[in-house]
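Encoded as structure tokens, the structure appears first; notes follow it.
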Amino acid sequence: MLTFSAQTRTAGLTRMAEDPFDVLVIGGGITGAGIALDAAARGLSVALVEKDDFAAGTSGRSSRLVHGGLRYLEHGEFGLVRESLRERGILFRLAPHLVRPVPLYVLDADWRRRARYRAGLTAYEMLAAGRNIGYHKAVSAGQVAAAIPGFGGRSRGVRYFECQTDDARLTIEVARAAQAAGAVLANHARVTGLLGDGRVTGAAVTDEITGQGFEVRARAVVNATGIWAERVAALAPGSGGMRLRPSKGVHLVFAPGAVRTTAALAVPSAEHDGRYIFVVPWEDRVYAGTTDTPYQGDLDDPPVGEADRDSILTAVAGLFPGVTGRDVVASWAGLRPLLGQESDGDTASSDLSRKHAIFTGPFGLYTITGGKLTTYRAMAEDLVDRVAADLGGAGPCRTRQIPLGLHGPAAAAVRLAVDEVRRLGLPPRTAVRLVQRYGDDWRQAVRLIDADRILGEPAVDGLPVLGVEVALAREREMALTDEDIYVRRTRLTTLGLTPSAGSRRE
């Protein structure tokens, strides 16, 4: 098992302060981690610092779907849809344990609208160019009722497939792959300034755990801070050219049994503005979202407002009678770093493009923002292509072939894991959980449970997270704080645990 712990971080910070690097990446979200992996895999020396925790921002607060962007077809963004579908297929191949198919239903009693959906899905699947996860089909009212037993009506619909993931865990696996390729990474390390006069030659960094400051020298500095990109770029005189229009997306999590469905579904938003809310099974719960509203508040901790909450509740209750605010056990809000132009005027944030953009300047500084979770690998390739061309001496992109935590089919790993967990007296679902969360490292999880059987029990009574997951968060995933563990590594807060409650076993 690759060690990725507090000790790894300490050694990495020491190296950052002592050695020069080819590339310094600022930002530990999915894009920054992807850039670190791509650059290191090409033979460049790479350091990455993140002011909070990996995936603490947008990358850990998405809809947890790896999708092609069916809605983008309405805006004529065929290139973005094609790229997203290609990247969805690549991620499904590289991380089959973390990126898994999920059936998604669109319900409509009107046969004309169902026909339009099917026409759109046919085009969508053609753009996938052989990388389809599954093909769409019409479903009867009876099939809808079987898949979505809590649906308060009878309607036909259309079923198609997307992929579901845990965005924070995917980010961690990309970060770990970057370390395995030679990158040096540290969370809770804040950039306080950029070095250089006329060109950027590195950054001043403060260890948020110890308060110690140091400098990291690099030939190229990459600003991959997403929603904070303007602020970081402003640390370098002469930067500019980007205009971000943050958009807030809110999700609600419902208690077990409150929203009864075995499949995901897309329901019209309560505002009837052409948007859809996704209702998605997760663990033994269901979450629903997202909103898409302009935002101007605190970038670090966007709130879940009453209007956001009511909008989602209204949409869900419209199909699942009896659902109320009392059924909500958790929520989260994230911000999209959407790119705007002066000519956008009052354009709704939902109509702004999800394409990414790269800005250069002053010399030595590269800023990338925009984009979406699904296309992070392509974004990283685009950015590193530019950096490598300027630096010279780097090889071609290799990230289409680098597994993200699992070598081989997930089903084969589960079969092996089932035999091992049975030996420990644990149910087969434990094997599935360990493989889906840790890939090849399910073996290390089993070894830890074998040495301490209490780690095979729930970390918190009534929740599916095992004690071994808390242990692995520190040793395998550089979790330094309780929030790192509860919010991102184990998702205990998504399951309804308040961080102050703590875990029963560590």
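The values are calculated or read from the model by the stated rules, or taken from the named source; none is laboratory data. Quick caveat, the model's predicted, so the values are computed rather than measured. Don't worry about glycine lacking a Cβ; one is built from the backbone with ideal geometry, like all the others, and counts go over all protein chains shown. Accessible surface is based on the protein model in full, side chains and every heavy atom, while ligands, DNA and RNA are left aside. Shrake-Rupley method; radii C 1.70, N 1.55, O 1.52, S 1.80 Å.
Observations
- Number of residues in segment 131-179 that are in contact (Cβ under 8 Å) with a residue 24 or more places away in the chain, within 30 Å of Leu94 (Cβ to Cβ) and open to solvent by 50 Å² or more (accessible area, probe 1.4 Å) equals 3.
- Subset of segment 405-435 (residues that are within 12 Å of Leu98 (Cα to Cα), touching a residue at least 40 places away in the same chain (Cβ under 8 Å) and crowded, with 22+ Cβ neighbours inside 10 Å): Gly405, Leu406, Val435
- Residue list for segment 249-265, restricted to those being open to solvent by 20 Å² or more (accessible area, probe 1.4 Å) and either under 25 Å from Thr31 (Cβ atoms) or of a type in the set (A, V, I, L, M) (or both): Ala255, Ala258
- Some residue of segment 99-112 being assigned to a helix (DSSP H, G or I) and closer than 30 Å to Gln179 by Cβ: no
- Within segment 52-67, if we keep just the residues that are in contact with an Asp or Glu (Cβ under 7 Å, 6 or more places away or on another chain) and not in a strand (DSSP E or B), the residue that is most open to solvent (accessible area, probe 1.4 Å) turns out to be His67.
- Test: residue in segment 73-87 that is at pLDDT 95 or above and assigned to a loop (DSSP other than H, G, I, E, B): no
Table: residues versus (1) of a type in the set (D, E, K, R); (2) at pLDDT 95 or above.
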| site | (1), (2) |
| --- | --- |
| His136 | no, no |
| Thr165 | no, yes |
| Ala180 | no, yes |
| Arg190 | yes, yes |
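- Counting only residues that are surrounded by fewer than 17 Cβ atoms within 10 Å (Cβ to Cβ) and out of contact with any Asp or Glu (no Cβ under 8 Å at 6 or more places or on another chain), segment 456-488 holds 5 of them.
- Per the listing Ala186, Ala128, the residue uniquely within 30 Å of Arg474 (Cα to Cα) and open to solvent by less than 10 Å² (accessible area, probe 1.4 Å) is Ala186.
Per-residue answers, yes or no, for (1) among the small types (Gly, Ala, Ser); (2) farther than 20 Å from Phe214 by Cα; (3) touching a Gly at 6+ places or on another chain (Cβ under 7 Å); (4) without any contact (Cβ under 8 Å) to a residue 40 or more places away in the chain:
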position	(1), (2), (3), (4)
Gly12	yes, no, no, no
Ala17	yes, no, no, no
Pro20	no, no, no, no
Gly27	yes, no, yes, no
Gly32	yes, yes, no, no
Ile35	no, yes, no, no
Asp38	no, yes, no, no
Ala41	yes, yes, no, no
Asp52	no, no, no, no
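- For segment 303-417, the strands (runs of 3 or more DSSP E) that sit wholly inside it and include 3 or more residues that are at pLDDT 95 or above are 328-339, 365-370.
- For segment 480-499, a tally of residues being assigned to a loop (DSSP other than H, G, I, E, B), closer than 17 Å to Gly57 by Cα and either among the β-branched types (Val, Ile, Thr) or free of Cβ contacts under 8 Å to residues at least 12 places away in the same chain (or both) returns 4.
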